[in-house]
Structures are given as structure tokens and as C-alpha cells.
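Read the structure below first, then the notes.
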Amino acid sequence: MAAPFMEKLAEYLGSPEPAVRLILSILLGYPFALVYRWFFFHQSATVVHLFHAFSGLALATFNFGSQVYHSFLCILIQFLLLRLMGRTVTCVLSSFIFQMIYLLMGYYYTATDEYDIKWTMPHCVLTLKLIGLSLDYYDGGKQESQLSADQKKSALGSTPSLLEVFGFSYFYGGFLVGPQFTLRNYQKLVSREMSDVPGQPPNSVVPSMKRFGLGLITLAIFTLGGPHYSDSYYLTDEFEAHPFWYKCVYILLWVKINLYKYISCWLITEGVCILSGLGYNGKNEKGEHQWDGCANVRVWLFETTPLFTGTINSFNINTNAWVARHVFKRLRFLGNKLLSQMFTLLFLAIWHGLHSGYLICFSMEFIIVNVEKQAQSLVQDSPLLTSIAKSHLYPAVYVVQQLIHWLFMGYPLVPFCLFTYDKWLKVYSSVYFCGHIFFFVAFLILPYLRKVFVPRKRG
């Protein structure tokens, strides 16, 4: 009976049925969080774990049916690895290899040339969560003096139970689209510490509704604008026939609108986490309670920053933090930040999928970020350029920055969304590889400009 209803609802809304199921599942997080607050908040840890595990499993089954066994199996095996191998490097490596291979095999057997909502979508989130669990468990066996500040916050002092791992993995506020959070934070939620009134349900309804409302606004923007700026239009003869300037403007507007697809899901899910208490993040320096512990996007920074690094830092925050903590910083032994950055972005590309578009996207990100850092260094070290940046001319400079910023944010995301080389190569050819040329030229001339604008130090 549910299937025909969902088919009719999807047809009425004009959206694919999997997308409608996903949105409904994210929204169902709110009643689940309310049930938790009203009926389970003061229950024992066992009861809370059962509620979180079964509610998350219900959402997973609603979206993916019998394919829910993939997540169930990976969670069970991860628990066995922790129990059988203990706090060892072998456990970490076994967890990493098994979880990544399972995810990549899933990509291999289910991949198509278009974006599909299937079991691998939440499974990529789960993969990071389970790998992170093994690393946090390993860190719990080290001396405190050997741990960084981040590791001290997430290291596990005891072995989690099977039920605890299932509750953590299937928690309805993070299973489908994230965010990433640690088992330590989940344990604090269960022990009623994640609240501005410890031991009582948090006063988080208003902060939760603010994120929910903002999520609905961004969802409306995507719903209204998405059909006018679709991925498929890139491959039409009509797009090919447009002049170069039109194609650049299309890329700029396309990326701005289509990123709201992700932002809306993250904001709505963040509201669920805040309502349950998981989003509580202590007090700031002013003594005000913060609810951004599960924030996956900084909307104001995302909308106003003229920098590529600003957008990266404001987008998919928890995944970026996970990768920084568990990949980039653990590659310190390489002794080279650029090399660590390169391997980190390679990991991200592979984690997203097996299509060539992901490799192209993250390789472009590597180039863009490093060219931007050189340009920022040039401006900061040049008295003339610094004075221009701080003068009344800055509004005009800001507009130009934003146009360049969003054009070349969209440029690497074209292969990310089109997946296969025949598609993204066609689009790149139609715009004469302008992004590659722009950053290649910038890379060549920035050292020369530094000689011209930066005064030499005497002596």
C-alpha cells in the first residue's frame, strides 16, 4: 500500500520517488527527536540505543528495502573487529581496508551515468563513521600526552557495546546524509550531557526551528531554480550553440543554485540534531549556549565569502573536519603539507565514487586552493595591493572576486556532477578549457607579479 502512495506522491510533486522518500525521511527526524525528548530522554542507555537503532533502521528500510543488510553487515563486522583485534594498528588498517573496499564494490555494482539515490549514498557516510570509530578506539589506548586536542575529545576510553554501535550508526539525525559525529558525542547525548540544562531535555526547539526554516528556504530555491539550471542541459546542442560568455554565466548560476540541494538537506538534518540535543556545543566566550555542534554548512560565510577556501570551509563542514582529523593530520609523517593535501583530496575523490569526474574535481580543487593562497600572500605582502583592497574601490574588487569565485567553483563541479569523461570533456571543450588556462597562467605569472609588487627586503 505504501509503494503506490509514494508513487502517486512523487508523480504529484514531479520528483523522482527516491528523492521524495529521502526528503520525507529527513523530515521524519523531527517527530523521532520529539519522541526521544518526551518518552526516552530519561530512560536507560539500553532503551535509548534500541530506540535510535530501530528508528534509523526503519528509515533505512523505507528508503532502500532489503538492501539495508549492507549497512547492518558492515556495522556488525566493525564491532567484531574492535572486539577481536583491540586497540591495534591492525584493527585500524583492517577497518579501513574492509569498509572502503565494501563501499567501492558497492559503487562498482550500482553505478550509473547519472546521480541516483541508492544504498551507497548513506553508506559512504557510514563508512567514514565506522573508520573514525576504529581510529577513536585506537587513540583511546594511547597516553594522553600523545594525543592532540581533537583526539582527546574523541578518544574512546572503553570498548563500546554492540547495541551502542548500532544506535550510534543508525541515529536518525545522521544516518542518511550526515553529519559526521563521534561516538563520544553520541555517548554524551545518551547520558543526557548534551543539553544547556544537564540531565533535562535541552531548550533547543527555537534553534532547531531556525535551521529547519532556513532549510526549507534553500530547498524552495533549489526546487524552483533547479529545473532551469539542470546538469543535463550541459549535454544539449542548445548549450553547445550558445556563445562563450553565456556558458560561463550558466556555470556560475548553475553551481550556486544546485549546491542548495545539499545545503537544504544538511540544514534540515542539523535541526533534527539540535532538537535531540546532539547539536549542543557548549558556551561561547560570551557565555551564550551554542547549537552548532552538527552544523554542516555556515550559511552566512557560504553566501558572502569571495574566496574558494571560504566556500570550502563553509560547506560539508563535518566531513571536512573528519578528513582533516583522520587523514590529513595523520599524514604528518610525510613531512610535506602539499603531499598530505594531495593524498587527502585523492582519498576524498575515491570515497565519492569511481567516476573520473571526481578525480578531475578534486585535482582542480588542489590547484585552485594553492593558486589562491599564492594570490592572497601576494596581496598581503604588497603595500600597494593591500591599500587597494582596503580602499573605496573594494566593492568593485569584491564583485569581480565573486564572479571569478563562483565561475571557478562551478568549473570543477561540472565533472563532479556529470561523472564520465565523455560528458565533462564535452563541456570543458565547449568553454575552451578556460578554467585550466586561467589557473595555469595565474600559476606562471604570480611569481613575476610578486617581484613587481612586493618590495625587496634590504640587507
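For the reader, a short list of remarks on this structure follows.
- Of the residues making up the stretch 412-425, those that are assigned to a helix (DSSP H, G or I) and surrounded by 15 or more Cβ atoms within 10 Å (Cβ to Cβ) are P412, L413, V414, P415, F416, C417, L418, Y421, K423, W424, L425.
- Extreme residue, nearest to M209 (Cα to Cα), among residues of the stretch 15-35 that are part of a helix (DSSP H, G or I) and among the hydroxyl-bearing types (S, T, Y): Y30
Here is a yes/no grid of residues against (1) in contact with a Cys (Cβ under 9 Å, 6 or more places away or on another chain); (2) of a type in the set (A, V, I, L, M); (3) under 18 Å from K256 (Cβ atoms):
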residue: G279; (1), (2), (3): yes, no, no
residue: H289; (1), (2), (3): no, no, no
residue: P306; (1), (2), (3): no, no, yes
residue: T311; (1), (2), (3): no, no, yes
residue: N316; (1), (2), (3): no, no, yes
residue: F333; (1), (2), (3): no, no, no
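- In the set (1) open to solvent by 60 Å² or more (accessible area, probe 1.4 Å); (2) among the polar types (S, T, N, Q); (3) touching a residue at least 40 places away in the same chain (Cβ under 8 Å), the condition left unmet by S25 is number (1).
- Scan the stretch 424-440 for residues that are within 25 Å of I117 (Cα to Cα) and either touching a helix residue (DSSP H, G or I) at 6+ places or on another chain (Cβ under 6 Å) or of a type in the set (G, A, S) (or both) and the total you get is 2.
- Residues of the stretch 36-73 that turn out to be part of a helix (DSSP H, G or I) and open to solvent by 40 Å² or more (accessible area, probe 1.4 Å), as a count: 16
- Total residues in the stretch 195-221 satisfying the condition of being in contact with a Lys or Arg (Cβ under 7 Å, 6 or more places away or on another chain) and modelled with pLDDT of 95 or more: the figure is 1.
- Taking every residue in the stretch 188-201 that is farther than 13 Å from G282 by Cβ and pairing it with any residue that is hydrophobic (A, V, I, L, M, F, W, C) and open to solvent by 30 Å² or more (accessible area, probe 1.4 Å), at least 6 positions away or on another chain, the pairs with Cβ-Cβ distances below 6 Å are V190/A45.
- Whichever residue in the stretch 375-395 is among the aliphatic types (A, V, I, L, M) and open to solvent by less than 60 Å² (accessible area, probe 1.4 Å) and, among such residues, is farthest from T309 (Cα to Cα): L385
- When the residues of the stretch 323-352 are filtered to those that are among the small types (G, A, S) and open to solvent by less than 30 Å² (accessible area, probe 1.4 Å), the one that is nearest to L147 (Cα to Cα) is S340.
- All told, F171 falls short of being over 17 Å from I274 (Cβ atoms) and either crowded, with 18+ Cβ neighbours inside 10 Å or touching a His at 6+ places or on another chain (Cβ under 7 Å) (or both).
- Residue in the stretch 90-99 that is of a type in the set (S, T, Y), modelled with pLDDT under 95 and open to solvent by 70 Å² or more (accessible area, probe 1.4 Å) present: no
- Candidates S158, S145, filtered to the one that is closer than 30 Å to R332 by Cβ and either in a helix (DSSP H, G or I) or touching a Ser or Thr at 6+ places or on another chain (Cβ under 7 Å) (or both): S145
- Within the stretch 202-248, if we keep just the residues that are polar (S, T, N, Q) and open to solvent by less than 30 Å² (accessible area, probe 1.4 Å), the residue that is farthest from K283 (Cα to Cα) turns out to be T218.
- Of all residues in the stretch 114-142, exactly one satisfies the criterion of being open to solvent by 50 Å² or more (accessible area, probe 1.4 Å) and part of a helix (DSSP H, G or I), namely Y138.
- All of (1) more than 30 Å from N320 (Cβ to Cβ); (2) without any contact (Cβ under 8 Å) to a residue 24 or more places away in the chain hold for P227 with one exception: (1).
- Residue within the stretch 175-194 that is farther than 26 Å from I268 by Cβ, at pLDDT below 95, assigned to a loop (DSSP other than H, G, I, E, B) and open to solvent by 10 Å² or more (accessible area, probe 1.4 Å) present: no
- The set of residues in the stretch 6-52 being of a type in the set (K, R) and in contact with a Pro (Cβ under 8 Å, 6 or more places away or on another chain) consists of R37 alone.
- None of T309, T319 is part of a helix (DSSP H, G or I), open to solvent by less than 60 Å² (accessible area, probe 1.4 Å) and in contact with a Leu (Cβ under 8 Å, 6 or more places away or on another chain) except T319.
- Of all residues in the stretch 331-348, those that are under 12 Å from F366 (Cβ atoms) and of a type in the set (F, W, Y) have Cβ atoms under 6 Å from Cβ atoms of residues that are open to solvent by 20 Å² or more (accessible area, probe 1.4 Å) and at pLDDT 90 or above, 6 or more apart or on another chain, in F343/L331.
- All positions within the stretch 271-295 that are in contact with a strand residue (DSSP E or B) (Cβ under 8 Å, 6 or more places away or on another chain) and either open to solvent by less than 30 Å² (accessible area, probe 1.4 Å) or part of a helix (DSSP H, G or I) (or both): G282
- Residue check, A33 open to solvent by less than 60 Å² (accessible area, probe 1.4 Å) and more than 15 Å from M121 (Cβ to Cβ): yes
The values are calculated or read from the model by the stated rules, or taken from the named source; none is laboratory data. Not measured: the values here are computed from a predicted model. No Cβ is skipped: glycine too gets one built from the backbone with ideal geometry, and neighbour counts run over all protein chains shown. These area figures cover heavy atoms from the full protein model, side chains too; ligands, DNA and RNA do not enter into them. Shrake-Rupley method; radii C 1.70, N 1.55, O 1.52, S 1.80 Å.
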